[in-house]
Structures are given as structure tokens and as C-alpha cells.
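Okay, so here's the structure we're looking at.
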Amino acid sequence: MTEHRIGTQQEWKAERDALLDEEKELTRRSDELARKRRELPWVPVGKDYRFETERGSKSLAELFDGRSQLLVYHFMFGPGYTAGCPVCSSITDTLAPQVVHLKARDTTLLLSSRAPLEKLLAYRDRMGWPIDWVSSGGSDFNRDLGFLNTKEELKPFLDGEIPPVVEQMANATGTDVAGYVSEGPGLSAYTLEDGTVYRTYVTTARGLEPAMAYYALLDRTSRGRHEEGELEHWLRRHDEYGAS
Amino acid sequence: MPAHALGTREQWLSARKQLLAAEKEHARRRDELARWRRELPWVPIEKEYMFATSDGTKTLVELFDGRSQLLVYHFMFGFGYRVDEQNPGCTGCSFVADHFDGVIPHLNGHGVTLVSESIAPLEQLQAYATRMGWEFPWVSSLGSDFRYDFGAAFTEEQQKNGAEYNFKRVHQVEPQREGMSAFVLQDGVIHHTYSTYARGVEQLMGTFGYLDAAPFGRNEDPRNPGAWWHRHDEYETEEAVRR
């Protein structure tokens, strides 16, 4: 039998109206935060980072590919991984179709990881993503942004109790916990003006949630994300879900 | 020198940390509203709705496809933004729908079916989906009250006399609007749990999340924010063609 509260259309409407006011407030607040992001000071990127790409070695300025804005998704795929992080993979499932729309906004979106380019491209073939992917393995790019952790930095985490989800993800990437968490996920934003690259924005952790379109959808279903307290994360690579 | 304020790494970091606190508060508020959505009363649906699908005629229960939760996107077709005979799918809805194929394996893997619905003959939807390269389930609600009952289509009489859209009385309603409705199936009974419209749909799209992180944001003309939207095969750039 249903445990959830059942109501009439009128009862539902009254509560939906109240929720709508709050949703609108939240949307306006999103707009406000977006404005604050744009107001952050720009920081010139002084270092000459190099990236391995399908079209040879490139600088950060060259990654803009003729546009004025660059968004880099820092995909967790370290040199020791045999496959990309499943969560980053689920994010990329929803990123790839956006590339063309973002280009129309003078914005280049690409993936960057530390694994060698051939490994990245082989995995991209498997997943069928039409998105550019570059290797930053030969530079300090990830380290400087805080998306590469040293053994010493990780020691407190590794000495503590490892959440089962982290072990699950480490297994899924063919590495161990220490190897898996040495890489971090993130998004960084840049603008190019008069030949100078400026870093404008960096985010990680739940700041990446707007890139996880399935969460926004799940947040509108009757059961929501439905993952709290679960020892195993429900996420898989898109070709790994069993027939369900 | 750019007209924008420049800073040192330290100045940026201190401003970024302040913003982070506001972003975290915002994320927590988002969680709170998601919880509130789940607490809305469920409304049992007694009416029988039929849809034309690529696997024949189906009921609303059958659209759940064996899962317990169903999301239906109300896709504007034959009417909408930059629609003509050659381009029958609304440009805005096409932009929303570009996000569907990527999320569907994850939603299905988590007990949720996502379907799009339009008031148009199924063959027309299929032809447009083929052009766009979409694989998500798209059903025809032509001849059914479904879309009207869930507030995303309006009869001629409503267009003349006004109707409710996005939970507000609107004097001049258009024949179709965008929206999404959520349903749950329990003990053989379908319940309507949630519907969202207008900017509520924006939350389903990843692209705006990215633009909101980009240096110039959405960078839209305030008088016509959607002016830059195109169907993904219509952007007139060399790169769009390259893909």
C-alpha cells in the first residue's frame, strides 16, 4: 500500500504554488551567483602549460581554438588508470552534446586529463563522445589548480576509513584507492584577451553538480536521488548498465 | 589591458572563497527544494491516456516501461521558436532535448524512464528525431487530452479566453508551451507528482550551467535571450560542420 500522502488536484496545486515561489527565488539566486562569478577578478596565467592534443602539442592559448572563452573539464583519468572515472564519464555523457551550443557562445569546452593521449582517445572511442580531449600529463596544469594530490596531502584521508564508494570507483578505474584519489575532478574557466590568458573561475566537488544533468532530473522525480546511505553508488558507465 | 578588474592569485582566491560560501548555501537550498518536491501530495490519475509509439499504441502505464517513475517532457512541435515547415521542432525544446540521450542510461539505471511527448503524427516526430540524431523515446499524444490536462497545450477556447500556465492565469496563451511532468506508479495506480514549466525547464539543461561558469556568462541579449539558440545542425560555424 502507498505510504506517501495522497491528495486532490486542489491540494496539490496549493502546495505546488508555494513551492513555485521558492523555485523562482532559487532561479533568481542562481542568476545572481552567475553574475558574481563574472565579477571575480581575472588572474593572468603566467606559466606556459603544454598539452598533447590530436593536432599536436598546444599551449593553453591555442586550446581556445579561435574563441575568446575556454572551459576545461578536468576528467579524472590518471596515468595509472586503465579506464576513466565513472562519475566523470557520466558528466561527459551530458557534456558532449553541449559542445556545439557552447561554440555558438564563443566558448570552447574540452576535457583534460593526465593520462597519455592515446589512452584517453581509446576510452573516448569506447564511450562514443564527440568532444576534444587533451593530455596535461607533461605539465603542472592539474597540480597548480589543485586537481593533483601528493601522497603526503592524501595521508590523512588514506589513513582513515575509506568510504566503500571510493573503493568502488578505484576498482572501476583499474587502480587502487591512493591512485584513484590522487586525481581530482574540476572545471576551470579562462578568457583570452589581447593574447593574454586569464583564469576566471575554478570549481570542484558539488560545484560540478550543474554539469550532472541527471541529478536535476532526479531531483524532480518522486523518489529523488535516492542514494543516501547506499554503500554502492548506483552510477555506471553508460555501456555498463545491465538490462533494466 | 582588459576593462575587467584584474587581480593576483591571492585576490582572486579571497573573492572566490566568498563566492564559494554563497554557492554552497545555494546548493543546500537546492537540496531543500528537491526534498519539498518529494513531499508534495501525489494525485491519482483516473483518466486513460493513449499514445502512439514506435512499438504501437500504449497507455500511460506502459510508458513507464517497467520502471516505477516516469518523466514526460512536453516537447513543442509544429509550433514554437523558429518553427517552419522544414523545421517543425521548436528550437528551444530541441536545445533541451540535446541533453536527453546522455542522461537516459543513468536515469534508466536508477529506476526512472524519460519520454518526450508531442501533439503531432508519430512519423513527423520520427523524421525530425532522425535528422537530429536523437534516440530517446518520443511518443505522439495527438488525439489525447494528456498534454492539455498537464498544462502544456491549450484549446482554441483557452487561447481566446485565457488559461493557467506555470500555475498562473495567463490572458493570452499560445497553443503549446514547454514543460515537464513527473509520475509514479504504485500498486497499479499512476499518480501525478510534479510539473514544471518556463524557466523551470532550464534546470534540466547542462549548457546553462557551463555558460554560468564561463567568463561572460550567458552573454545574451536581454530583449531576446534566445536569439543565439539554434538546432545543433544549424550553427553556421566551421566547427559545427566539422563535427
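The values are calculated or read from the model by the stated rules, or taken from the named source; none is laboratory data. Keep in mind that what you see is a predicted model, and the values were worked out from it rather than measured. We place every Cβ from the backbone using ideal geometry, glycine too, and count neighbours over all the protein chains shown.
Here are a few things to note about the model shown:
- Scanning the stretch A:11-61 for residues that are within 19 Å of B:Ala15 (Cβ to Cβ), touching a strand residue (DSSP E or B) at 6+ places or on another chain (Cβ under 9 Å) and either among the small types (Gly, Ala, Ser) or at the interface with chain B (Cβ under 8 Å from one of its Cβ atoms) (or both) yields A:Arg37, A:Arg38, A:Leu40, A:Pro41, A:Trp42, A:Val43, A:Pro44.
Per-residue answers, yes or no, for (1) more than 14 Å from every other protein chain (Cβ to nearest Cβ); (2) modelled with pLDDT under 95; (3) in contact with a Leu (Cβ under 9 Å, 6 or more places away or on another chain):
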| residue | (1), (2), (3) |
| --- | --- |
| B:Leu60 | yes, no, yes |
| B:Ser68 | no, yes, yes |
| B:His74 | no, no, no |
| B:Phe77 | yes, no, yes |
| B:Gln86 | yes, yes, no |
| B:Gly89 | yes, no, yes |
| B:Ser94 | no, yes, no |
| B:Ala97 | no, yes, no |
| B:Phe100 | no, yes, yes |
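- Those residues of the stretch A:227-237 which are at the interface with chain B (Cβ under 7 Å from one of its Cβ atoms) and surrounded by fewer than 21 Cβ atoms within 10 Å (Cβ to Cβ), in sequence order: A:Trp234, A:Arg236
- Residue tally, condition in contact (Cβ under 8 Å) with a residue 40 or more places away in the chain, more than 8 Å from chain A (Cβ to nearest Cβ) and in contact with an Asp or Glu (Cβ under 8 Å, 6 or more places away or on another chain), over the stretch B:215-237: 1
- Complete set of residues in the stretch B:1-50 that are more than 26 Å from A:Asp21 (Cβ to Cβ) and either touching a Cys at 6+ places or on another chain (Cβ under 8 Å) or small (Gly, Ala, Ser) (or both): B:Ala3, B:Ala5, B:Gly7, B:Ser14, B:Ala15
- None of A:Pro97, A:Pro156, A:Pro116 is at pLDDT below 90 and over 16 Å from A:Leu70 (Cα atoms) except A:Pro97.
- Scanning the stretch B:39-53 for residues that are free of Cβ contacts under 8 Å to residues at least 24 places away in the same chain and either assigned to a helix (DSSP H, G or I) or in contact with a Ser or Thr (Cβ under 6 Å, 6 or more places away or on another chain) (or both) yields a single hit, B:Glu39.
- Scanning the stretch A:54-65 for residues that are touching a residue at least 24 places away in the same chain (Cβ under 8 Å) and either in a loop (DSSP other than H, G, I, E, B) or surrounded by fewer than 18 Cβ atoms within 10 Å (Cβ to Cβ) (or both) turns up A:Glu54, A:Lys58, A:Ala61, A:Phe64, A:Asp65.
- Set side by side, the residues A:Asp31, A:Asp48, A:Asp65, A:Asp17 differ, and just one is among the charged types (D, E, K, R) and at positive phi, which is A:Asp65.
- Residue match in the stretch A:192-214 (condition: crowded, with 21+ Cβ neighbours inside 10 Å and more than 10 Å from every other protein chain (Cβ to nearest Cβ)): yes
- Where A:Trp12 falls short, out of the listed (1) more than 30 Å from B:Tyr194 (Cα to Cα); (2) crowded, with 17+ Cβ neighbours inside 10 Å: (1)
- Restricting the stretch B:186-214 to residues that are assigned to a helix (DSSP H, G or I) and aromatic (Phe, Trp, Tyr) leaves a set whose member that is farthest from the other protein chains (Cβ to nearest Cβ) is B:Phe208.
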